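Working notes, beginning with the structure itself.
The values are calculated or read from the model by the stated rules, or taken from the named source; none is laboratory data. Here the structure is a predicted model, which means the values were calculated and not measured. Cβ atoms come from the backbone with ideal geometry, glycine included; neighbour counts cover every protein chain shown.
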Amino acid sequence: MANLTQLTERLWTGGDLPAGQAGLDHLRDWREIGVTHVIDNRIEWSDEDLVARSMPTVAYLHNGVDDAGQLMPDEWFDRGVGFAAEAWADDPAAVVVAHCHMGINRGPSMAYAILLNLGWDPIEAIDHIRCARPIAAVDYAEDALDWHLRRNGSGESDRLAAREDLAAWRWREPHDTYRIIRSIRDEEVA
């Protein structure tokens, strides 16, 4: 099965397509779940040509950004969330995938921003992502939350309270990203 996790009926997150035949096999899985739109958040690679050849009706946004712990710019969230919102405005049955390389940070963080835009509570959204995809660190959730609250005109005190709630959630729900990446890499070489 493709390295994807379903978050809602119409939103998935996860990792990228592997090379070679395995990538084509994963694209079959994408077809089966009805993927219509892809938000690829990797700066280091794009599968746009492969998807265009194999699934020509799929809309593809290469929204590449590095995964180096930096502050994510508002424009990155604007592009990805806007792409998903437009997909659902045009076709409420559209199926959107927000992915990155491993499905740990960038893809799940974009999915988090999309859930916020859909009206989800910030803690319910991150908890839902982590429960559905335990390997997801969602390291850019704070940036997504700040982006969302600024975009919706929340005041400084509301933003501070929301950040404190998210920090408390992170303290209660620790994530060993390094161990998870090591275990994924070990599986790849086995």
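Could you check, for region 122-145, whether at least one of its residues is in contact with a Lys or Arg (Cβ under 8 Å, 6 or more places away or on another chain) and of a type in the set (Phe, Trp, Tyr)?
The first filter runs over region 122-145 and keeps only residues in contact with a Lys or Arg (Cβ under 8 Å, 6 or more places away or on another chain), leaving 136, 138, 140, 142, 145.
Next cut, of a type in the set (Phe, Trp, Tyr) only: 140.
Yes: one or more hits.
Conditions: (1) modelled with pLDDT of 95 or more; (2) surrounded by 15 or more Cβ atoms within 10 Å (Cβ to Cβ); (3) out of contact with any Leu (no Cβ under 7 Å at 6 or more places or on another chain). ILE184 meets all but one. Number of the miss?
(1)
Does at least one position in region 6-27 carry a residue that is in a helix (DSSP H, G or I), buried (at least 20 other Cβ atoms within 10 Å of the Cβ) and touching a Ser or Thr at 6+ places or on another chain (Cβ under 9 Å)?
Scanning region 6-27 turns up at least one residue that is in a helix (DSSP H, G or I), buried (at least 20 other Cβ atoms within 10 Å of the Cβ) and touching a Ser or Thr at 6+ places or on another chain (Cβ under 9 Å).
Here's a check for you: in region 146-162, which residue that is outside any helix (DSSP H, G or I) and of a type in the set (S, T, N, Q) is surrounded by the fewest Cβ atoms within 10 Å (Cβ to Cβ)?
Per the stated criteria, the residue is ASN152.
Picking from ALA94, ALA132, ALA84, which residue would you name as being under 21 Å from TYR60 (Cβ atoms) and surrounded by fewer than 19 Cβ atoms within 10 Å (Cβ to Cβ)?
On the way: ALA132 fails: under 21 Å from TYR60 (Cβ atoms); ALA84 fails: surrounded by fewer than 19 Cβ atoms within 10 Å (Cβ to Cβ).
That would be ALA94, the only listed residue that is under 21 Å from TYR60 (Cβ atoms) and surrounded by fewer than 19 Cβ atoms within 10 Å (Cβ to Cβ).
Quick check: is even one residue across region 80-98 in a helix (DSSP H, G or I) and aromatic (Phe, Trp, Tyr)? Spell out how you get there, then give the answer.
First pass over region 80-98, keeping only residues in a helix (DSSP H, G or I): 80-90.
Next, only the ones that are aromatic (Phe, Trp, Tyr) stay: 83, 88.
Yes: region 80-98 contains one or more residues that are in a helix (DSSP H, G or I) and aromatic (Phe, Trp, Tyr).
Checking the conditions here, which among ASP143, ASP139, ASP165 is at pLDDT 95 or above, assigned to a helix (DSSP H, G or I) and within 17 Å of the chain's Cα centre (by Cα)?
Details: ASP139 fails: assigned to a helix (DSSP H, G or I); ASP165 fails: within 17 Å of the chain's Cα centre (by Cα).
That would be ASP143, the only listed residue that is at pLDDT 95 or above, assigned to a helix (DSSP H, G or I) and within 17 Å of the chain's Cα centre (by Cα).
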